[in-house]
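Scroll down for the structure; my scribbles are underneath it.
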Amino acid sequence: MTYSLPNAMRRIASRRQVLKGAAAAVGTLGITSLLAACGGDSSSDSTDTASASTASSSGSSGSSASPSTGDAGTPKKGGTLVVGMEAEISSFDPAVMTGTSTFRPVSSIFDMLVNLYGTESGLQPDIAESWEVAQDAQSVTMKLRPDVKFHDGTAVDAEAVVFSFERMLNTNDPNYFGPYAFPPFFYPTYKTSTVIDPLNVKFELTQPDATFLSALAWNTASPVSPTAVKAAGKDFSNKPVGAGPFKFVSWDKNVKTTMERNDDYWNGAPLLDQIIWKPIVEEAARFNQLLSGEVDFIVSIDPQFVPQVQASQDLQLIQGPSLHTWWVYLNTHEEHLKDKRVRQALNYGVDKASLIKNILHDTAVESRGWCWPNTWAYEPDVVQYPYDPDKAKELLAQAGFADGFDLEYLVPESGSGMVAPKQIATAMQADLKKIGINLKITTLEWISYLAATANGLDSVNGKQFGMSQESWMNPVDDPGLWVEFESVSMPPGGGNTGYYENSEYAELLAKARTTTDKTQRAEFYKQAQKIFAEDAPWIFMFHSNFVTAARKNVHGIKLNPDQNVLHLKDVWKS
Amino acid sequence: MYLTWMLRRFVYLILVLLAATVVVFMMMHLAPGDPAQAMLGPMARGDALAQLRQQLGLNDPLYIQYLHWLEHTLRGDLGRSIRQQVPVSSLIFSQFKNTAILGSVSFVIAVVGGLALGFLAGLKRGSFFDRIIIVIASSGIAIPSFFLGLVLAYVFGIRLHVLPSNGMYSLQGGGGLLDLIKHLALPAITLAVGPIAVVARMTRSSTLEVLSQDYVRTARAKGLHERAVATRHIFKNALIPIIHLLGLQAGILLSATALVEVVFSWPGIGALMVNSILTRDLPVTQGSVLLIAAVYAIVSVFADFAHMVVDPRVHQS
């Protein structure tokens, strides 16, 4: 029996092989996601994603959010909304939690300081009414909304905010129960926070950082009730108390989480009596539960199910633009890709429009760089790469590679935000074949993929790769740290996996980081985008929409570009 | 005699468990990527990764990490989940209870079904019924459980809408025994089909072997009623080799639950373990493996013991 364990592991491995056969056999069941579940679905465990979130108009802005469900009839109070999630909640403690599938339910219990609402550009007030970034970008002062209370009656004041940050980021704090993954990761420049008066709080930073403010839109920064944390200690995750529109009722792990309406919510009581969150990891099973009516709303839907939703009498597809970017790194050290013309040729050689239509079923828009269309830092006037195989061949010939070449392409099997990675890689392979480039695809399980690419593409398990795939879902429409990380910071430690170097570009981004004037910052980002598009260190692919589906009797769902937060306050069922 | 045997088996069991945890520990560390990477995702900065690794103790030499884990485990502390920051024991025991419910129901279905089918097929050797059983048994062994699960879920859950295909209880208004049985039906049957087939085949051949024994002929010659011959003489003796097989099947069933649990969203330890492997949550993986291996090993000890009691020849040898 000594082999009981390896044997068990082997069974899992061998079943994956059979699974693939089975997937082919039962196409209609759409089991690809089961493969993903076995092969490394980690949507639960990283910070980006390609699924969706919704938002009601809320906050003092009262903004009307973009795509929404048909608000047929008068909103009705009562009822229970059952939401199907792609993974179980990792924790209800904002300090501990990781993963988008966790952020969403947590956002119903915990209100944040600042938030994103609807189509309004930039940060909107939530618990913080207003804020000011100091001229030197080394501190942020926030004014809180008066008379906001946590579910246990504790006041949401400056003291509570300081408490919430200190317990996450100050390892000497008596209420620090770390180590935590996200707090030091999102707020690396946090130094301390202090109470100015009950409604004013000041964050001090170790160095100038204009991005600190926007990082507050991660709900890791949600204020927690000090009373509840002190009482529960490490067990706070099982007894979460926040200031959001819904109150925590119970958490039956891996089965369901129940929340109820907070009648005392500062922005008016929600309509629903209850929300039940149900983890359904398997993609097809989640969709099937929606079909059968066991769940009302799924916030993550694989593009392959889109046609079925559209054809159904009982379902509605709700999608809208999001802050997601999907790209392919080009290794600028690779002998062919050193030449800018070759990188441009690759951009001309991929038929993105067809890929978006046929694989993604129109759930994405083409991208021209890293910035999201119609946001404040976006520059539309850059070099563009429409599908043009002739032009691609011409550029390759100019670079001296008229006969084409082989190129190694590293692809994750699945992973958060990685929308259909293998199908897209295969489609790209077919496209690039036409211009003489022979893509050799290697796939890796998600966490292995992260580990393999962490040191850059020159040495992935001892081999040089020419291309790899990546995606990112930003919490705010501020490219900030993300873009610097992915296109300037060299590996290991940085995400510039393809070793792109351009000092002018890097300087623009660095300036943008420490500039507090938004117009000026936008200008830096816009100039950077022009250089980036011209240099083509990536294959610019697409920005995924939020794609969600609901039963037709669910109303008031409004989508937000931020996928980490779900605003369900104004949702109702008929 | 039994005592020394038990003692020896107990020492052996401990060694098996130790070996299992060492192997899993090594495998998890040989796999690329670590919990820090899994938690921080693609935008993990080098300094943040390094800091988290340091805090999680991932920089210590492997044997230190293992010994650290072992020391705590011996003191009854399985550690905390890296991802969820809750005690591992609170996760694995509640999940294991659900797996035990699913596993034991499947096991009963498999034993009763397999014995009955195999015994009848053996008694009626060569008949149409026998052939049908052989065909069913062969396909039962050949069909992978997750595939069968998806087909059953699709047919009965989605198309016909007669049985729930997901979860353990209804989300609203559920919770009773009837609700549990309804939710159990599909996953339990899915899980039982393989073992039923194996047990049926084994029972059949064992029955055939016993049928040709002298004592059966003698029993018949004594003028015993055929039913008495079948139950008292044939069935009882045919059972001997099967008892050991049942122990083995129980273990196999336990490992097969992982996939069936994923297909039916059954909140069991198999699904928990798979997820912990994918997120590199080492303490949870270690804890689940230890528990599963312990159950497997204990079941096999019991099977050996039962075998020994039923068949003295085993003991003598």
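The values are calculated or read from the model by the stated rules, or taken from the named source; none is laboratory data. Source: prediction; values computed, not measured. With ideal geometry, Cβ positions are generated from the backbone for all residues, glycine too; neighbour counts draw on all protein chains shown.
From A:Lys434, A:Lys463, A:Lys422, A:Lys440, grab the single residue that is charged (D, E, K, R) and in contact with a helix residue (DSSP H, G or I) (Cβ under 6 Å, 6 or more places away or on another chain). Break it down stepwise before answering.
Working: A:Lys463 fails: in contact with a helix residue (DSSP H, G or I) (Cβ under 6 Å, 6 or more places away or on another chain); A:Lys422 fails: in contact with a helix residue (DSSP H, G or I) (Cβ under 6 Å, 6 or more places away or on another chain); A:Lys440 fails: in contact with a helix residue (DSSP H, G or I) (Cβ under 6 Å, 6 or more places away or on another chain).
The conditions single out A:Lys434.
Being within 14 Å of another protein chain (Cβ to nearest Cβ) and not aromatic (Phe, Trp, Tyr) is the filter here; which residues of the stretch A:215-245 pass it? Please lay out each step first, then the result.
Here is the first cut: in the stretch A:215-245, the ones within 14 Å of another protein chain (Cβ to nearest Cβ) are A:215, A:218, A:220, A:229, A:232-240.
Listed by number, the residues that qualify are A:Ala215, A:Thr220, A:Val229, A:Ala232, A:Gly233, A:Lys234, A:Asp235, A:Ser237, A:Asn238, A:Lys239, A:Pro240.
Which number in (1) modelled with pLDDT of 95 or more; (2) in contact with a helix residue (DSSP H, G or I) (Cβ under 9 Å, 6 or more places away or on another chain); (3) not in a loop (DSSP other than H, G, I, E, B) marks the one condition that A:Pro386 misses?
(3)
Pull up the stretch A:85-106, narrow it to residues that are over 22 Å from A:Phe177 (Cβ atoms) and either more than 13 Å from chain B (Cβ to nearest Cβ) or in a loop (DSSP other than H, G, I, E, B) (or both), then point me to the one that is modelled with the highest pLDDT. Steps first, please.
Step one: list which residues in the stretch A:85-106 are over 22 Å from A:Phe177 (Cβ atoms), which gives A:85-87, A:100-101, A:104.
Adding the requirement that they be either more than 13 Å from chain B (Cβ to nearest Cβ) or in a loop (DSSP other than H, G, I, E, B) (or both) leaves A:86-87, A:104.
Details: A:Glu86: 84, A:Ala87: 84, A:Arg104: 90.
Ranking the qualifying residues of the stretch A:85-106, first place goes to A:Arg104.
If A:Ser414 meets every condition in (1) closer than 30 Å to A:Ala137 by Cβ; (2) among the hydroxyl-bearing types (Ser, Thr, Tyr); (3) crowded, with 24+ Cβ neighbours inside 10 Å apart from one, which number is that one?
Answer for A:Ser414: the failing condition is (1).
May I ask you to list pairs of residues, at least six apart or on different chains, whose Cβ atoms are under 6 Å apart, with the first in the stretch A:444-470 being more than 12 Å from every other protein chain (Cβ to nearest Cβ) and the second being part of a loop (DSSP other than H, G, I, E, B) and among the β-branched types (Val, Ile, Thr)?
Between residues of the stretch A:444-470 that are more than 12 Å from every other protein chain (Cβ to nearest Cβ) and residues that are part of a loop (DSSP other than H, G, I, E, B) and among the β-branched types (Val, Ile, Thr), the close pairs are A:Leu457/A:Thr497.
Working only within the stretch A:488-511, note down all residues that are more than 12 Å from chain B (Cβ to nearest Cβ) and either in a helix (DSSP H, G or I) or free of Cβ contacts under 8 Å to residues at least 12 places away in the same chain (or both).
Within the stretch A:488-511, A:Ser503, A:Glu504, A:Tyr505, A:Ala506, A:Glu507, A:Leu508, A:Leu509, A:Ala510, A:Lys511 meet the criteria.
Given the condition among the charged types (D, E, K, R), at pLDDT 95 or above and not in a loop (DSSP other than H, G, I, E, B), answer yes or no: does some residue in the stretch A:553-567 qualify?
Step one: filter the stretch A:553-567 for residues among the charged types (D, E, K, R), giving A:558, A:562.
Those left that are additionally at pLDDT 95 or above: none.
The answer is no; no qualifying residue exists.
Considering each residue of the stretch A:232-249, count those that are modelled with pLDDT under 95 and surrounded by fewer than 23 Cβ atoms within 10 Å (Cβ to Cβ), and give that number.
Of the residues in that region, 7 qualify.
From the list B:Val284, B:Val229, B:Val289, B:Val309, exactly one residue is away from every other protein chain (no Cβ under 11 Å), buried (at least 23 other Cβ atoms within 10 Å of the Cβ) and either out of contact with any Phe, Trp or Tyr (no Cβ under 8 Å at 6 or more places or on another chain) or of a type in the set (S, T, N, Q) (or both). Which is it? Break it down into steps so the answer makes sense when it comes.
Details: B:Val229 fails: buried (at least 23 other Cβ atoms within 10 Å of the Cβ); B:Val289 fails: away from every other protein chain (no Cβ under 11 Å); B:Val309 fails: buried (at least 23 other Cβ atoms within 10 Å of the Cβ).
After applying the criteria, what remains is B:Val284.
On the basis of being crowded, with 24+ Cβ neighbours inside 10 Å and modelled with pLDDT under 95, does A:Leu290 make the cut? So that I can check it myself, show each step before the final result.
Values: crowded, with 24+ Cβ neighbours inside 10 Å: yes; modelled with pLDDT under 95: yes.
Here the answer is yes, as A:Leu290 does meet what is asked.
Checking B:Trp266 against (1) within 12 Å of another protein chain (Cβ to nearest Cβ); (2) farther than 19 Å from B:Met6 by Cβ; (3) out of contact with any His (no Cβ under 9 Å at 6 or more places or on another chain), only one condition comes out false. Which one?
With (1) within 12 Å of another protein chain (Cβ to nearest Cβ); (2) farther than 19 Å from B:Met6 by Cβ; (3) out of contact with any His (no Cβ under 9 Å at 6 or more places or on another chain) applied to B:Trp266, the lone miss is (3).
Which count do you get for residues in the stretch B:97-125 that are of a type in the set (Phe, Trp, Tyr) and modelled with pLDDT under 90?
1
Having 2 or more residues that are within 30 Å of B:Arg125 (Cα to Cα), β-branched (Val, Ile, Thr) and in contact (Cβ under 8 Å) with a residue 24 or more places away in the chain is the bar; report the helices (runs of 4 or more DSSP H) wholly within the stretch B:234-313 that clear it. Walk me through it before giving the result.
On the way: elements: B:236-263, B:269-278, B:282-310.
Where helices (runs of 4 or more DSSP H) fall fully within the stretch B:234-313 and carry at least 2 residues being within 30 Å of B:Arg125 (Cα to Cα), β-branched (Val, Ile, Thr) and in contact (Cβ under 8 Å) with a residue 24 or more places away in the chain, they are B:236-263.
Does B:Gly223 qualify as being modelled with pLDDT under 85 and not in a helix (DSSP H, G or I)? Reasoning before the result, please.
Values: modelled with pLDDT under 85: yes; not in a helix (DSSP H, G or I): yes.
Answer is yes for this residue.
Conditions tested, residue by residue: (1) in contact with a helix residue (DSSP H, G or I) (Cβ under 9 Å, 6 or more places away or on another chain); (2) within 14 Å of chain B (Cβ to nearest Cβ).
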{"residue": "A:Trp266", "(1), (2)": "no, no"}
{"residue": "A:Val281", "(1), (2)": "yes, yes"}
{"residue": "A:Ala284", "(1), (2)": "yes, yes"}
{"residue": "A:Gly293", "(1), (2)": "no, yes"}
{"residue": "A:Leu317", "(1), (2)": "yes, no"}
{"residue": "A:Gly320", "(1), (2)": "no, no"}
{"residue": "A:Leu323", "(1), (2)": "no, yes"}
{"residue": "A:Trp327", "(1), (2)": "yes, yes"}
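Looking at the stretch B:154-168, is at least one residue touching a Gly at 6+ places or on another chain (Cβ under 8 Å), at negative phi and more than 8 Å from chain A (Cβ to nearest Cβ)? Write out each step before concluding.
Filtering the stretch B:154-168 for residues touching a Gly at 6+ places or on another chain (Cβ under 8 Å) gives B:163-166.
Those still in the list that are at negative phi too: B:163-166.
With more than 8 Å from chain A (Cβ to nearest Cβ) added as a condition, the list becomes B:163.
There is at least one residue in the stretch B:154-168 that is touching a Gly at 6+ places or on another chain (Cβ under 8 Å), at negative phi and more than 8 Å from chain A (Cβ to nearest Cβ).
Matching residues to (1) within 9 Å of chain A (Cβ to nearest Cβ); (2) over 26 Å from A:Ser414 (Cα atoms); (3) outside any loop (DSSP other than H, G, I, E, B); (4) in contact (Cβ under 8 Å) with a residue 12 or more places away in the chain:
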position	(1), (2), (3), (4)
B:Ala36	yes, no, yes, yes
B:Ile64	no, yes, yes, no
B:Arg125	no, yes, no, yes
B:Ser138	no, yes, yes, yes
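Would you call B:Leu13 within 13 Å of chain A (Cβ to nearest Cβ), in a helix (DSSP H, G or I) and farther than 23 Å from A:Ser91 by Cα? So that I can check it myself, show each step before the final result.
Details: within 13 Å of chain A (Cβ to nearest Cβ): yes; in a helix (DSSP H, G or I): yes; farther than 23 Å from A:Ser91 by Cα: yes.
Judged against the criteria, B:Leu13 is a match.
With in contact with a Leu (Cβ under 9 Å, 6 or more places away or on another chain), over 24 Å from B:Gln55 (Cα atoms) and not hydrophobic (A, V, I, L, M, F, W, C) as the only criterion, which of A:Pro198, A:Pro179 stands out?
Numbers: A:Pro179 fails: over 24 Å from B:Gln55 (Cα atoms).
Exactly one of A:Pro198, A:Pro179 is in contact with a Leu (Cβ under 9 Å, 6 or more places away or on another chain), over 24 Å from B:Gln55 (Cα atoms) and not hydrophobic (A, V, I, L, M, F, W, C), namely A:Pro198.
Could you say which residue among A:Glu166, A:Glu159 is away from every other protein chain (no Cβ under 14 Å) and touching a residue at least 60 places away in the same chain (Cβ under 8 Å)? If you could, list the steps in order and put the result at the bottom.
Details: A:Glu166 fails: touching a residue at least 60 places away in the same chain (Cβ under 8 Å).
Criteria check complete, one pass: A:Glu159.
Examine the stretch B:74-84 for a residue that is surrounded by 14 or more Cβ atoms within 10 Å (Cβ to Cβ), in contact with a Leu (Cβ under 7 Å, 6 or more places away or on another chain), assigned to a helix (DSSP H, G or I) and aliphatic (A, V, I, L, M), and state whether such a residue exists.
No, the stretch B:74-84 contains no residue that is surrounded by 14 or more Cβ atoms within 10 Å (Cβ to Cβ), in contact with a Leu (Cβ under 7 Å, 6 or more places away or on another chain), assigned to a helix (DSSP H, G or I) and aliphatic (A, V, I, L, M).
Among B:Leu163, B:Leu171, B:Leu150, which is the only one that is within 14 Å of B:Ile189 (Cα to Cα), at pLDDT below 90 and not in a helix (DSSP H, G or I)?
On the way: B:Leu171 fails: within 14 Å of B:Ile189 (Cα to Cα); B:Leu150 fails: not in a helix (DSSP H, G or I).
Step by step, each of B:Leu163, B:Leu171, B:Leu150 is checked, and only B:Leu163 is within 14 Å of B:Ile189 (Cα to Cα), at pLDDT below 90 and not in a helix (DSSP H, G or I).
Being without any contact (Cβ under 8 Å) to a residue 24 or more places away in the chain and either of a type in the set (S, T, N, Q) or more than 7 Å from chain A (Cβ to nearest Cβ) (or both) is the filter here; which residues of the stretch B:170-182 pass it? Spell out the reasoning first.
Step one: filter the stretch B:170-182 for residues without any contact (Cβ under 8 Å) to a residue 24 or more places away in the chain, giving B:170-179, B:181-182.
Scanning the stretch B:170-182 gives B:Ser170, B:Gln172, B:Gly173, B:Gly174, B:Gly175, B:Gly176, B:Leu177, B:Leu178, B:Asp179, B:Ile181, B:Lys182.
Looking at the stretch B:48-57 only, could you name the residues that are over 16 Å from B:Trp69 (Cα atoms) and either facing chain A (nearest Cβ under 7 Å) or in contact with a Ser or Thr (Cβ under 6 Å, 6 or more places away or on another chain) (or both)?
If the condition is that a residue be over 16 Å from B:Trp69 (Cα atoms) and either facing chain A (nearest Cβ under 7 Å) or in contact with a Ser or Thr (Cβ under 6 Å, 6 or more places away or on another chain) (or both), then B:Ala48, B:Gln51, B:Leu52 are the ones that fit.
If you go through the stretch B:16-30 one residue at a time, how many are closer than 28 Å to A:Glu486 by Cα and within 7 Å of chain A (Cβ to nearest Cβ)? Talk me through it step by step, then tell me what you get.
As a first pass, look at the stretch B:16-30 and keep what is closer than 28 Å to A:Glu486 by Cα: B:29-30.
Next, only the ones that are within 7 Å of chain A (Cβ to nearest Cβ) stay: none.
Residues meeting the conditions: 0.
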